[in-house]
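Reviewing the structure listed below.
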Amino acid sequence: MNWEARDEFVEKMFRRSGSVYSRRYYGFGVDNFRKFCEGAGIGEVDGKNVYSVMDAYVGYLHGTKGLKAKTIHDYITAVRKFLGYVDVEVDPLKFRNKVVMPKVTQIADVPLRLEDVQTLLTRGRPSPKLRALILVLLSSGMRIGEALSMRWADLDLNSTPGTIGLRAEYTKTRAARTAYVSEEAKQALLELKASSPPTERVLDYAGDMWQKQKEAGRTFRRLVGRVGLGERLEGHRTHRIHFHSFRKFFLTRAVDTLGDHAGHALCGHGFYMDTYYRKSEEERKAEYLRLMPRLTVFSKEAVSTDQMLATFNRQFLKISRYTDKEIEALGDLSQLSNEQLQDLIARKQLEKLGLSNGNRQKVIKLDELESYIGDGWEFVTNLNGDKAIVRLPSH
């Protein structure tokens, strides 16, 4: 077995992804497999014994080590790629027939509650750095690695809402995007900047990104345990509250308030981002401001959620060139649904295009365009990315 090829293999895996996680993931996977082989007295792994060795390795990870099924699958993926790299072929069909893998079961997660976040930030007395991290994760939907990669130069804390430019090399999708944070998170970042020595990165944990996450995670676990919220999910090693809980909380609130497309795009899910980023920056900010009250941990008593929603809806309509008189005629703006708001904006855009001539034109969903063209309608223009304007011919 050519164990000497380990470093070369790991570096090539790193070159492909550019992620420090790949270097550690594949390196640890190969090292762990080598320790197993040496401990079991297996001198060579080749085409004759590869399946029996791998099956024994799975049994060792599952029985002796007691690892979760998902972790075992990850280890085996690394080993299979390394074996292929050193010319030990693993046939997928033979592998399925000869190597019995444990079944990965879905963990029933427990939704994060704002009351728990309030407890963490009050009774837990976190450091300014950890407080800022929690509020940023909760209000931006960022992944933990993205949050730890933030640089002060990429933040605009004079903007409303506060904006963070995420560089492509630090996002999972390798696409740059803009994230937004709540006023609470913005204030926490300003306080952190004032209380800490100048650094390039906002959250200055030591080491590479893997080590930064480990250190931040250990600090967070101590905080959660300190306030009595450190329990694990039943039957699992996973804790009820973890960094990813904040991202899930954000996505749920964002989808409920803004719809699937905007919610997933704000989280950085690549499939949704192209259409969403056709909107202007001011439009995206206005959408986030509609969402922000639902991401606020300590709401101000003087301003209710309805008042905040009304304010943000008014701002969105003003951006769309509604006059104050037109806005007042709409009544209680806090009761506008996202669909109603989009329809109002579409109506104003029709007026700007000079297309409000009776019923000869209409706004449709973009995926309905082909059907309307087939029925004799004419395409006019795209509207808000996922809608289009069509009209009947004048003849």
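We did not get these values from a lab; they are worked out from the coordinates using the rules stated. Quantities reported herein were computed from a predicted structural model and do not represent experimental measurements. Cβ sites come from the backbone with ideal geometry, for glycine too, and all protein chains shown count toward neighbours.
Starting from the 7 Å offset along Cα-to-Cβ, what nm value, one decimal, do you get for the label separation of A153 and K94?
Computed distance between label sites A153 and K94 equals 5.3 nm.
Once the Cβ-Cβ distance between D324 and S195 is put in as r, and R0 is 35 Å, what FRET efficiency do you end up with, to the nearest 0.05?
0.25
Shape of the stretch 2-84 from its Cα gyration tensor (a ≥ b ≥ c, root eigenvalues): rounded if a/c is under 1.5, otherwise prolate when a/b > b/c, or oblate?
Working: a/c = 2.08, a/b = 1.33, b/c = 1.57.
Oblate, since a/c reaches 1.5 and b/c is not below a/b.
Once Rg/Rh (Cα atoms, Kirkwood Rh) is worked out from the coordinates, which option in [x] 0.97; [y] 1.06; [z] 0.99 does it equal?
The value matching this structure is [y].
Just from its helices, what would the mean residue ellipticity at 222 nm be for the chain, if runs of 4 or more DSSP H residues each count -39500 (n - 2.57) and the sum is divided by every residue, rounded to the nearest 500 deg cm²/dmol? Intermediate values should be presented prior to the final figure.
Values: 18 runs with 206 residues, N = 395.
Dividing the helical sum by the residues of the chain leaves -16000 deg cm²/dmol.
At 30 angstrom or more along the helix axis (alpha-carbon based) and mean Kyte-Doolittle of 0.5 or higher, what helices does the chain contain? Whole DSSP H runs only. Please report the intermediate quantities before stating the final value.
Numbers: long enough: none.
Going by DSSP H runs, there are no hits.
How much length is gained if the chain between E378 and Q106 is pulled fully straight, taking 0.36 nm per residue apart and subtracting their Cα-Cα distance, in nm to one decimal? List each step's numbers first, then the result.
Working: separation 272, 0.36 × 272 = 97.92 nm, distance 4.81 nm.
Between E378 and Q106, full extension yields an extra 93.1 nm.
So which lysines can K214 reach, going by Cα to Cα under 16 Å and dropping same-chain residues fewer than 8 places off?
Reachable lysines: K129.
Under 1.5 on a/c is rounded, so check that first for the stretch 144-280, then, if it is not, pick prolate when a/b is larger than b/c and oblate when it is not; a ≥ b ≥ c are the square roots of the alpha carbon gyration tensor eigenvalues.
Details: a/c = 1.66, a/b = 1.16, b/c = 1.43.
The shape class here is oblate.
Given H placed on each backbone N at 1.01 Å, which residues far from H239 in sequence or on other chains put an amide H within less than 5 Å of it?
Close amide H contacts, sequence-distant or interchain: L233.
With each label point set 7 Å from Cα along the Cα-Cβ vector, what nm distance links D332 and Q187?
2.8 nm
Under 5 Å between amide hydrogens, which residues at least 5 positions from E378 or on another chain qualify, with H placed 1.01 Å from N in the peptide plane?
R391, L392
Could you work out how far apart the two model spin labels at K279 and A56 are, taking each label as a point 7 Å from the Cα in the direction of the beta carbon, and quote it in nm?
Between K279 and A56, the simple spin-label model gives 5.8 nm.
Of the options A176, G230, L83, report the single residue whose Cα projects farthest towards the positive end of the charge dipole of the chain (beta-carbon charges: Lys, Arg +1; Asp, Glu -1).
The one lying farthest along the dipole's positive direction is G230.
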